[in-house]
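Accompanying notes for the structure given below.
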Amino acid sequence: MQLSKRYTLVGLLICIAIFLVTCKKDEEDEEPTPVPPSTGVVFDINQVPYNKLSDYRFFTGTMKNLSPNARVLPYEPITPLFSDYAHKSRFVWMPSGVSATYAGDDNLLNFPDGTVLIKNFYYDHVQPQDERRILETRLMIRKNGAWIFADYIWNEEQTEATFSLDGEYVSLTWIHDDGSEKSVNFRIPSDVECFTCHKSNGQNNPIGPKPQNLNKVYTYLEGAKNQLTKWQEVGYLTGELPFSIVSTVDWTDESQELELRVRSYLDANCSYCHREEGHCYYRPLRLEFNETGNPDQLGVCQTPQEFINNTLTHNIARGNINRSVMYFRMNTTDQQYRMPLMGRTIIHEEAVQMMNEYISSLSPACN
Amino acid sequence: MNTSVASVQHATNNPLIPKDMKPNQLIAIFLMEVSSLSQAQTSCATAEEAIEGINFGTQITGSDTPQPEHCLALTPELMFSWYYFVATDDVTMTVTTILPANAGLDTRISVFEGTCGDLLCIGSGDDSNGGYLSNAVFSATTGTTYYIVFDTYWGGAEVASPVEFEIYEGEPSGGGGGGGGGSDFPTLITFNPEPLTGSGSSECIVDMNNDQLDDVVFVNGNSITIRYQQADGSFTSQSYNVGNVSNAPSWSIAAGDLDNNGYNDLLYGGGGGASIIMANDNGTGYTHYSDNEYIFSQRTNMVDINNDGILDAFVCHDVDANVFYISDGNGGFTYNQGGLGENGGNYGSVWIDYDNDCDMDLFIAKCGSDNIDQLHRNDGNGNFTSVAPAAGINDGSETWSSAWADYDNDGDMDVVIGASSTWNGSHKFYINNGDGTFTNITEGSGIEDITTTGIENFPCDFNNDGFVDMVGLGSVIMINDGDMTFTPADCPFYSGPAGDLNHDGYMDFFEGGTIYYNTMEGNNWLIVSTVGTESNKNGIGARITVNSALGTQIRDVRSAQAFSPMQTLNAHFGLAQDTEIESIHVCWPSGIEDVIYNPSINTHLTIVEGSTVNVEENDMNELIVYPNPATDRIQFKGDRNVAGMNYRVIDSTGRLITQGRLAALELNIAELPAGLYTISIEIDGQWQSKTFSK
């Protein structure tokens, strides 16, 4: 193969841009574009991803308030992914006349073409203005039986977000919930980074919207309701649901059993790689919630395959955080050791504390 | 409530005991406390006397931290128990917890002298003899009081508190406490560990000041610290600020001279991109080059990809096509992606010459969703062809690196591919068939017996016996038996870089602040530094061939190997008991070839590109070898009649093909296979050379 200078991504984006322009022109020439309803989401599956987030009209009024338009339904997983303490607001939208179906407690819902999963990332009390700053809005769109990524990076004025899958860094300092000042060099991912975590057997896939993660009460504007029930009511979920769903727990809920909290946290933060279809399939850990009931899958008393140092003897050493690789990897920011590999550059102190409690509670010591 | 429950209640006041501890565990602690017949020794001031022989330990509950400094690493909320011991002899004493009563526990021991608040650490122990229990050794003086401290570093007090400990005269029994990989393999290669400190971490051994001695480079954020090896084996230290560099060598580091100014530069492979650290023109200052390109870096290398005589920087990409920066030789770089390994799963790139054509080919050890290893054959002029399936080396084991060497000294590079996981098979050993293909000969080689896995695999002749060994497979030294089988040996380190850190001709390693000096001896050796003139300054990509009585040995000059570290750029040859080398042949990336006859051994030889050719061409500029290329014969003409003179013909790997006396002004070469050759003719006692091709 002849080596030549190749800016693959730039080229791709230029192609997409040309394609979009060309398509629009053709349609204008041949038939008038149907005038969208004055309210409601704008979505043409052949045209998405649009160049601007505002093109979709997911949000009404001032866009930065993230007030959902009609049929844009907020949702929240029971235990979320930690992303350097960024706040997130998530929404789901589907075209009228289609719906998702149940495919197992621990499997993604069967989403129809046209589904859009919307995830906004923001920080509050960003310094020096002490204001909210929305960084990016990530979309996953179900198109032609597969998922595509789209990411919209917000401008500083917070008036618009523009499509980009190039990835970039945003440095900011904010006042955390506990009053402390924290700083982050936040990473907005490129397409290959999206794919690293969102792949399942080499295909793009969402991670969160599984019945086990959605089965909780959410406070909607109209009142509190179980999310799955709500999805059924608005027609986003049809068909049979089982009488009971084996569900994760809120990892911050101290009334829950410690092990369930840990397993829920690991499911949300680690299992997209540490499962048979994921990036790290070749390691013995299997960290999906439905797997970690088995201590072997969780790494308890398991000899690590990847040597770090002599003191780290097991993935989880019962009773002993200083010998536990999992604790070490959660409690470091060193790139070559930290877990997750991506999406975390600062230590999730509260989660590390929970792992400390959990590992310390286990006995007897591993041999 | 009966009395024992009352006692349990007392015990639960102890903040050490988890609230949810089961009753039988509480009773065990209660009994332990009773058996010790004393209060827990919580501070230096209330230390309990310990005696020579067996002592009972108590549950560790004290918060009194040794002052001014503990012997061992501290973590928040660590607890301590304190004992004192008064020596009655001037002898070496050992404190040990390696006792049957402590089975399953995990202890640390520190020993101090001095007074409370003004203590000096004189000994400590942790994880001795391959287990979790400990020996601490100290030198005792009659009448002196020593403080012995246990702590809860390794978990709760119930895990870290010794039930018993013993103080006895002498060194620990049951083997030395130092180092040791803890494997069941015999110690066949011995090392002497010595500390070498620097700021930050180091995975890099390379010569940074152009004295051909290997130095150790530490990296800490925006600074590097170079420990320069001195002629007497000591190391000086110098730190340099490199500017606000955006990436750290988190995943790998490589070195080489990217602008041919004579001083090595560094390449950092970071999780979000790569950065290049450039040396100034006298190696006394460094700046950095960074861009905004996202790279999930894995192995980095320096190699002249476009063969313009200037090294380029190659970066393996975990989640996308591999990246390379073409150097303009003036500190400028052009970013490229694609053409040298697409997709992701690129972990362990290594540039080697597998087809003996004197240019560097690329092998990529792969892992993850695109796990089939790749071989990119260099066709010259920047053209590469992906040939792994045709070459039979499209291996699917989950690997992060491979160790390439001519393990059977037959003139071509073989490879051990080390598995990082056994998910898709284990370690593999492939022999180079010499025709561009490989055969899997793992079975019966000894490689298949290694059950540990790892990410670092590196070829190295540890014992200078002339057969290249390898280290890796999870931290095992595999000693080459000379017949394509290996004998596993214990390895006291894991992933460190390699080089000769005391210029004794034996390869040393560095890991975690410790130099592992190779203490083997008795075999002869040669170390070669290559200096390019038309080729890149380091001579990276040069093929060096050494011919001696034990056979032919080949090396590629490579930067870098294994998964993360950078190893010496000097080529190291073990010579066993051979006392002379017939010839050294260097085939440079430029195509220039040099031949040196009968060099000294047990020394460090620097070979400058073209240094043997130039002399000859000046002297023989009237001698013409024709036709070139030739088919059946070559002829000679010029101002000297070379008929009757001695000649040698050497092939491109440096092997002597034929020699004799020229019967006429021509030589029959009909029998020679196609290739590039050097003919040397002895004129007035001096060997002079011309190249020709057939």
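Under 11 Å from the Cβ of A:Arg338, count the other residues' Cβ atoms, weight Lys and Arg +1, Asp and Glu -1, and hand me the total. Display every interim value, and only then the final one.
Numbers: positive: A:Arg329, A:Arg344; negative: A:Asp334.
My count for the surroundings of A:Arg338 gives +1.
Taking square-rooted eigenvalues a ≥ b ≥ c of the alpha carbon gyration tensor, is the stretch B:83-124 rounded, prolate or oblate, where a/c under 1.5 means rounded and, failing that, a/b exceeding b/c means prolate? All intermediate terms of the calculation are to be shown ahead of the outcome.
Values: a/c = 2.71, a/b = 1.60, b/c = 1.70.
Note, shape of the stretch B:83-124 comes out oblate.
Quick check on chain B: helices-only [θ] at 222 nm, where DSSP H runs of length 4 and up contribute -39,500 (n - 2.57) each and the sum goes over total residues. Nearest 500, please. Walk me through the intermediate numbers first.
Numbers: 5 runs with 41 residues, N = 694.
Result for chain B: -1500 deg cm²/dmol, rounded to the nearest 500.
What's the local net charge at B:His585, with K and R +1, D and E -1, over the other residues with C-beta under 9 Å away? Walk me through the intermediate numbers first.
On the way: positive: B:Arg543, B:Arg655; negative: B:Glu593, B:Asp594, B:Asp651.
With Lys, Arg at +1 and Asp, Glu at -1, the net is -1.
So if we plug the beta-carbon distance of B:Asn210 and A:Lys143 into 1/(1 + (r/R0)^6) with R0 = 45 Å, what FRET efficiency do we get, rounded to 0.05? Don't jump to the answer; show the numbers that get you there.
Numbers: r = 58 Å, r/R0 = 1.29.
Rounded to the nearest 0.05, the efficiency is 0.20.
Compare the Cα positions of A:Val92, A:Gln336, A:Gln47 along the charge dipole of chain A (+1 at Cβ of Lys, Arg; -1 at Cβ of Asp, Glu; about the Cα centre) and return the one farthest towards the positive end.
A:Gln336
Ordered by packing density, taken as the mean number of other Cβ atoms within 10 Å over each peptide's residues, highest first, how do B:191-202, B:533-544 rank? Display every interim value, and only then the final one.
Values: B:191-202: 16.0, B:533-544: 25.2.
So the peptides B:191-202, B:533-544, ranked by packing, come out B:533-544, B:191-202.
When a/c reaches 1.5 or more, the comparison of a/b and b/c decides; with that in mind, is chain B rounded, prolate or oblate per its Cα gyration tensor?
Numbers: a/c = 2.45, a/b = 2.25, b/c = 1.09.
Since a/c reaches 1.5 and a/b is larger than b/c, the shape of chain B is classed as prolate.
In degrees between 0 and 90, to the nearest 10, how far off the longest principal axis of chain A does helix A:8-30 point, with axes built from Cα atoms?
30
Taking A:Lys216 as the anchor, which aspartates and glutamates have their alpha carbon closer than 16 Å to its alpha carbon, excluding any fewer than eight residues away along the same chain?
Result set, ordered by chain and number: A:Glu76, A:Asp105, A:Asp106, A:Glu233, A:Asp250, A:Asp253.
Which value, in debye to the nearest 20, describes the size of the charge dipole of the stretch A:62-138 about its Cα centre when Lys and Arg Cβ atoms bear +1, Asp and Glu Cβ atoms bear -1, and nothing else is charged? Show your work: numbers first, answer last.
Working: 8 positive and 9 negative charges, 54 e Å.
Dipole size: approximately 260 debye.
Starting from the Cα gyration tensor of the stretch B:295-342, take the square roots of the eigenvalues, sort them a ≥ b ≥ c, and report rounded, prolate or oblate (rounded when a/c is under 1.5, otherwise prolate if a/b is larger than b/c, else oblate).
Judged from the Cα gyration tensor, the stretch B:295-342 comes out prolate (a/c at least 1.5, a/b above b/c).
Can you give me the long-range amide H partners of B:Asp379? Hydrogens built in the peptide plane at 1.01 Å from N, cutoff under 5 Å, separation of 5 or more residues or another chain.
So B:Asp379 has HN proximity to B:Phe384, B:Thr385.
What's the center-to-center distance, using Cα atoms, between the stretch A:121-135 and the stretch A:286-342 in Å?
34
With θ taken as phi - 60° and the coefficients 6.51, -1.76 and 1.60, list the Karplus ³J(HN,Hα) couplings across the stretch B:530-539 in order, rounded to whole Hz; mark glycine and proline as x.
With coefficients 6.51, -1.76 and 1.60, one gets 9, 10, x, 10, 6, 7, 4, 4, 6, x Hz.
In nm, to one decimal, how far is the modelled label at A:Gln232 from the one at B:Asp639, with both set 7 Å along Cα→Cβ?
With each label placed 7 Å out from Cα toward Cβ, I get 10.4 nm.
About its Cα centre, how strong a charge dipole does the stretch A:196-295 have in debye, to the nearest 20, once Lys and Arg get +1 and Asp and Glu get -1 at the Cβ? Could the numbers behind the result be given before it?
Numbers: 10 positive and 13 negative charges, 56 e Å.
The dipole of the stretch A:196-295 has a size of about 260 debye.
Other chains near A:311-320: what is the mean number of their Cβ atoms within 10 Å of each residue's Cβ? List each step's numbers first, then the result.
Working: counts 7, 0, 3, 0, 0, 0, 5, 2, 7, 8.
The per-residue average across the peptide is 3.
Please average, across the residues of A:299-307, the number of beta carbons from any other chain that are within 10 Å of each residue's own beta carbon, and give a whole number.
Mean inter-chain Cβ contacts per residue within 10 Å come to 3.
Gain in length, A:Asn310 to A:Val98, computed as 0.36 nm per residue apart minus the alpha-carbon separation, to one decimal in nm? If you can, show how the numbers build up before the last one.
On the way: separation 212, 0.36 × 212 = 76.32 nm, distance 5.55 nm.
Gain on extension, A:Asn310 to A:Val98, equals 70.8 nm.
So if I place +1 on the C-beta of Lys and Arg and -1 on the C-beta of Asp and Glu, and nothing else carries charge, what would the dipole magnitude of the stretch A:104-158 be about its Cα centre? I want it in debye, nearest 20.
Values: 6 positive and 10 negative charges, 53 e Å.
Once rounded to the nearest 20, the dipole reads 260 debye.
Residue-wise, which Karplus ³J(HN,Hα) couplings in Hz belong to the stretch A:50-63, taking 6.51 cos²θ - 1.76 cosθ + 1.60, θ = phi - 60°, and x for glycine or proline?
Values, residue by residue: 6, 6, 10, 5, 5, 4, 7, 6, 5, 10, 9, x, 5, 4 Hz.
If I model a spin label as a point 7 Å beyond the Cα along the Cα-Cβ vector, how far apart are those points for B:Lys694 and B:Asp90 in nm?
If labels sit at B:Lys694 and B:Asp90, their model points lie 7.8 nm apart.
At a Förster distance of 41 Å, what's the computed FRET efficiency of B:Glu49 paired with B:Thr422, Cβ-Cβ distance as r, to 0.05?
So the FRET efficiency works out to roughly 0.20.
Listed here are the pairs A:Lys52/A:Lys182; A:Lys119/A:Lys182; A:Lys119/A:Lys199; A:Lys143/A:Lys230; A:Lys182/B:Lys366; which of them are more than 28 Å apart at the Cα?
Numbers: A:Lys52/A:Lys182 30 Å; A:Lys119/A:Lys182 23 Å; A:Lys119/A:Lys199 17 Å; A:Lys143/A:Lys230 24 Å; A:Lys182/B:Lys366 38 Å.
Beyond 28 Å: A:Lys52/A:Lys182; A:Lys182/B:Lys366.
With r defined as the distance between the Cβ atoms of B:Gln686 and A:Asp334 and R0 fixed at 45 Å, what FRET efficiency is calculated, to the nearest 0.05?
Working: r = 58 Å, r/R0 = 1.29.
So the FRET efficiency works out to roughly 0.20.
Using only Cα atoms, find the angle between the long axis of helix A:258-269 and the longest principal axis of chain A, and express it within 0 to 90 degrees, rounded to the nearest 10.
Value to nearest ten degrees: 40.
Most exposed first by the Cβ proxy, i.e. fewest other Cβ within 10 Å, how do A:Phe243, B:Phe510 rank? Spell out each step's value before the answer.
Numbers: A:Phe243 5, B:Phe510 25.
Arranged by neighbour count, lowest to highest, A:Phe243, B:Phe510 become A:Phe243, B:Phe510.
Under 12 Å from the Cβ of B:Val217, count the other residues' Cβ atoms, weight Lys and Arg +1, Asp and Glu -1, and hand me the total.
Details: positive: B:Arg227; negative: B:Glu203, B:Asp207, B:Asp214, B:Asp215, B:Asp265.
Once positives and negatives cancel, what remains is -4.
Among B:Gly344, B:Ala313, B:Met302, pick out the residue whose Cα is farthest towards the positive end of the charge dipole of the stretch B:300-366, where Lys and Arg carry +1 and Asp and Glu carry -1 on C-beta, about the Cα centre.
Result: B:Gly344.
Any idea how far apart B:Ala73 and A:Gln129 come out in nm if each label point goes 7 Å out from Cα toward Cβ?
Going from the B:Ala73 label point to the A:Gln129 one covers 4.3 nm.
Return one number: the angle in degrees, 0 to 90 and rounded to the nearest 10, between the long axis of the Cα atoms of helix A:349-361 and the longest principal axis of the Cα atoms of chain A.
In chain A, helix A:349-361 runs at an angle near 40 degrees to the longest axis.
Take A:Ser54, project a point 7 Å from its Cα along the Cβ direction, then tell me which residues of the stretch A:105-121 have their backbone nitrogen under 12 Å from it.
none
Select from A:Pro189, A:Thr219, A:Gly179 the residue farthest towards the positive end of the dipole of the stretch A:179-230; place +1 on Cβ of Lys and Arg, -1 on Cβ of Asp and Glu, and compute about the Cα centre.
A:Thr219
How shielded is B:312-325 by partner chains, expressed as the average number of their Cβ atoms within 10 Å of its Cβ atoms?
2
Helix-derived [θ] at 222 nm for chain A: sum -39500 (n - 2.57) over DSSP H runs of at least 4, divide by residue count, nearest 500? Write down the numbers at each step before the final one.
Values: 8 runs with 76 residues, N = 367.
About -6000 deg cm²/dmol.
Starting with the highest mean, order B:416-426, B:626-636 by the number of other Cβ atoms within 10 Å, averaged over the residues of each peptide. List each step's numbers first, then the result.
On the way: B:416-426: 23.2, B:626-636: 14.3.
The peptides rank, most packed first, as B:416-426, B:626-636.
Per residue of the stretch B:457-468, in order, report the coupling 6.51 cos²θ - 1.76 cosθ + 1.60 (Karplus, θ = phi - 60°) as ³J(HN,Hα) in whole Hz, putting x for Gly and Pro.
Each residue of the stretch B:457-468 in turn: 9, 8, x, 6, 7, 5, 10, 6, 8, x, 10, 6 Hz.
Only the coordinates and a few stated rules stand behind these numbers; no lab work does. Note that the coordinates shown come from a computational prediction; the quantities given were computed from them, not determined experimentally. Positions of Cβ are backbone-derived with ideal geometry, glycine not excepted, and every protein chain shown enters the neighbour counts.
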